[in-house]
Every structure is written in structure tokens, then in C-alpha cells.
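Notes follow once the structure below has been shown.
The values are calculated or read from the model by the stated rules, or taken from the named source; none is laboratory data. Remember, predicted model here, so these are calculated numbers, not experimental data. Every residue, glycine as well, gets a Cβ built from its backbone with ideal geometry; the counts of neighbours run over all protein chains shown. What goes into the accessible areas is simple: the full protein's heavy atoms, side chains included, and nothing from ligands, DNA or RNA. Shrake-Rupley method; radii C 1.70, N 1.55, O 1.52, S 1.80 Å.
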Amino acid sequence: MTLTIEHVADHRPPDWPGNEVPKQMHLDLFVTDLDAAEQAAIDCGATKPDFQPAPDRWRVLLDPSGHPFCLTCPPGTD
């Protein structure tokens, strides 16, 4: 799998959790430690919005351009 990132002139980031500016994709990343993965993502420039629908199972973060993505535990883990 390859992810490509491109600069878009006059970019308007999507809003979370609203839908005035729709999301362009949804990315879930499986992690074994939500707290550690969240901190690592924030250290790389992600931000954490206030609205978190299920913070014990997944964390919604925003990349530096405002795109939401989720860190989540693999299915079957508690």
C-alpha cells in the first residue's frame, strides 16, 4: 500500500465532527497501546479534537492539514 500526500492550494480542512467541509477519506490504524500511539502521533504534529466518541476503544486525531484519522485496537482485543 502506498500513501501519497500532495499540497492543495486554498485547502479547507474538513471539520470534525461536523460535515460542513466533508472528509476525503477515513484511515484507521491498529495499535497495541492507544496512549503511546496517541502521544507518538501528537509528537509528529497530529492534534486531538475534544469530541471522542469511544476513547477507550479508539482515538480520533487530526493530521496537520485537519484530516481525521483513528488509532484503534485490533478486533478481539480488550
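Remarks
- One residue stands out among those in segment 54-78 that are open to solvent by 60 Å² or more (accessible area, probe 1.4 Å) and charged (D, E, K, R): the one that is farthest from M25 (Cα to Cα), which is D78.
- Residue check, H26 in contact with a Phe, Trp or Tyr (Cβ under 8 Å, 6 or more places away or on another chain), exposed (fewer than 14 other Cβ atoms within 10 Å of the Cβ) and assigned to a loop (DSSP other than H, G, I, E, B): yes
- Of all the criteria given as (1) outside any loop (DSSP other than H, G, I, E, B); (2) of a type in the set (A, V, I, L, M); (3) loosely packed, with under 10 Cβ neighbours inside 10 Å, the one not satisfied by A40 is (3).
- Listed conditions (1) farther than 19 Å from P75 by Cα; (2) surrounded by 11 or more Cβ atoms within 10 Å (Cβ to Cβ); (3) modelled with pLDDT under 95 are all met by G18, apart from (2).
- Any hit, segment 46-64, residues being among the aliphatic types (A, V, I, L, M), in a helix (DSSP H, G or I) and free of Cβ contacts under 8 Å to residues at least 60 places away in the same chain: no
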